[in-house]
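The values are calculated or read from the model by the stated rules, or taken from the named source; none is laboratory data. Remember, predicted model here, so these are calculated numbers, not experimental data. Quick reminder, even Gly has a Cβ in these numbers, built from the backbone with ideal geometry, and neighbours come from all protein chains shown. All accessible areas refer to the heavy atoms of the entire protein, side chains included, with ligands and DNA or RNA removed. Shrake-Rupley method; radii C 1.70, N 1.55, O 1.52, S 1.80 Å.
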There are 2 protein chains.
Amino acid sequence: MTKETYPIVHHVFFWLKNPASTADRDKLVEGVKTLSKIETVHSLRVGIVAGTEKRDVVDNSWGVSELIFFKDLAGQATYQTHPVHLAFVKNYSHLWEKVIVYDATEA
Amino acid sequence: MTKETYPIVHHVFFWLKNPASTADRDKLVEGVKTLSKIETVHSLRVGIVAGTEKRDVVDNSWGVSELIFFKDLAGQATYQTHPVHLAFVKNYSHLWEKVIVYDATEA
């Protein structure tokens with residue numbers, strides 16, 4: 001099992017309080033990137049909305065995305081309570097007004 | 001740039017018409033897996049809901065997830081209109097009642 005095939009996929013989407021502020025967006029991107037310091041976090045990818053075609057099914061109202069692969073559910077649980085994650089929430093949560101998390105496991 | 005660092009990340013979540021049917025879920029998983037035949041699709045990951053802790057921010061109401069990395073926006077556009085993708089929609093769309101797509105680009 002390589003890191004790229006770790007089975008737990010943690011998708012997170014953040015909606016900014018100030019969606020028009022690229023400064024706020026960039027600040028949150030910086031914050032999400034700190035999560036890579038957590039030892040159970042693999043292949044962290046931080047995203048912003050891509051310029052794909054507008055379609056009814058495409059939600060482009062969010063601001064920042066986070067994608068993490070975990071080796072197992074224990075790794076995800078470690079992440080949730082890790083001091084680096086708690087510091088991220090403390091220091092950056094004022095920037096977002098909504099967050100949605102989708103946790104998937106390999107089918 | 002390796003396939004694992006391709007910058008366009010296409011996250012799709014499907015809500016099943018019959019959420020209690022594991023047969024329908026498995027059928028849709030099978031359908032999503034056919035998308036790996038499209039030449040611009042890299043590192044396709046197909047998921048089902050993971051057993052992470054219940055939290056207000058976690059949406060676990062969906063049935064099947066799809067995660068694809070594209071090298072560029074052109075690769076995503078090729079995928080949308082590719083005969084394999086159109087066949088997937090034709091043959092499997094009766095299984096879902098809602099789909100949400102999030103298209104991200106590396107921040």
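Structural remarks
- When accessible surface is computed with a 1.4 Å probe, chains A and B are found to bury approximately 3400 Å² between them, both chains counted.
- Karplus (6.51, -1.76, 1.60) ³J(HN,Hα), θ = phi - 60°, over the stretch B:56-67, in Hz, Gly and Pro reported as x: 4, 7, 8, 9, 10, 8, 7, x, 9, 10, 9, 10
- Counting only other chain Cβ atoms within 10 Å of each residue's Cβ, the peptide B:6-14 averages 4.
- Average partner coverage of B:23-33, which counts Cβ from other chains inside 10 Å: 1
- Interchain or long-range residues, amide H under 5 Å from residue A:50's placed H: B:103, B:104, B:105
- Using a cut-off of 18 Å between Cα atoms, the listed pairs B:27/B:98; B:33/B:90; B:17/B:37; A:27/A:71 include B:17/B:37; A:27/A:71 as exceeding that distance.
- Evaluated at q = 0.17, 0.18 Å⁻¹, the base-10 log of the normalised Debye intensity for the stretch B:20-107, with identical point scatterers placed on the Cα atoms, takes the values -0.80, -0.89.
- Take each residue in B:43-50, count the other chain C-beta atoms within 10 Å of its C-beta, and the mean is 6.
- For chain B, the solvent-accessible area with a 1.4 angstrom probe is 46 square angstrom per residue.
- FRET efficiency, residue A:97 to residue B:17 (Cβ-Cβ, R0 35 Å, nearest 0.05): 0.65
- Chain B: relative contact order in percent, alpha carbon pairs under 8 Å with at least 6 residues between: 48
- Here the Karplus curve 6.51 cos²θ - 1.76 cosθ + 1.60, taken at θ = phi - 60°, turns the phi angles of the stretch B:91-107 into couplings of 8, 10, 5, 5, 7, 10, 10, 8, 9, 10, 10, 10, 10, 10, 10, 3, 8 Hz, with x standing for Gly and Pro.
- The accessible surface of the protein assembly as shown, taken with every protein chain in place and a 1.4 Å probe, is 55 percent carbon and sulfur.
- Nearest-20 debye value, chain A charge dipole, Cβ charges on Lys, Arg, Asp, Glu: 280
- Magnitude of the charge dipole, the protein assembly as shown, Cβ model with Lys/Arg +1 and Asp/Glu -1, debye to 20: 0
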